[in-house]
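Everything on this sheet refers to the single structure shown next.
The values are calculated or read from the model by the stated rules, or taken from the named source; none is laboratory data. Note that the coordinates shown come from a computational prediction; the quantities given were computed from them, not determined experimentally. Note that each Cβ is placed from the backbone with ideal geometry, even for glycine, and that neighbours are counted across all protein chains shown.
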């Protein structure tokens with residue numbers, strides 16, 4: 001029996017895959033649990049149309065993310081922090097502060113989409129952060145930590 005998976009299945013495949021499985025497995029497990037639907041001619045046509053529309057939508061979102069990435073690549077951020085006499089920051093610079101600095105420049109980026117790397121920013125200097133705008137679009141943003 002041909003089926004279309006509605007969600008990822010560990011042993012069968014990924015969401016939206018069209019597979020052939022044994023009839024009993026499909027009728028008694030996959031279909032009643034909602035893991036798949038039967039791949040009739042009309043269901044396959046609807047499935048292919050949905051995939052085409054989703055691909056078009058994804059391409060549009062990716063293009064918008066690339067435009068924002070071009071603008072972000074030229075942005076230089078300056079983040080002020082309280083510093084001890086030895087040049088160490090009290091605390092550290094985190095993604096929340098970078099997101100706020102980006103918001104001041106006109107970019108509304110969620111702090112969860114900003115990566116600082118392995119080491120914490122605890123000293124004055126120049127650093128880079130990676131901003132994820134899309135699954136395939138990432139941009140490096142330079143920022144400088146200065147003493148207040």
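Would you mind stating whether residue 28 is modelled with pLDDT of 95 or more, surrounded by 10 or more Cβ atoms within 10 Å (Cβ to Cβ) and under 30 Å from residue 2 (Cβ atoms)? First the steps, then the outcome.
On the way: modelled with pLDDT of 95 or more: yes; surrounded by 10 or more Cβ atoms within 10 Å (Cβ to Cβ): yes; under 30 Å from residue 2 (Cβ atoms): yes.
Criteria met by residue 28.
Considering (1) under 30 Å from residue 127 (Cα atoms); (2) modelled with pLDDT of 90 or more; (3) in contact with a strand residue (DSSP E or B) (Cβ under 9 Å, 6 or more places away or on another chain), say which one residue 63 fails and leave the rest.
(3)
Condition first: without any contact (Cβ under 8 Å) to a residue 24 or more places away in the chain and not in a strand (DSSP E or B). Now tell me which residues in region 110-134 satisfy that.
110, 111, 112, 113, 116, 117, 118, 119, listed by residue number.
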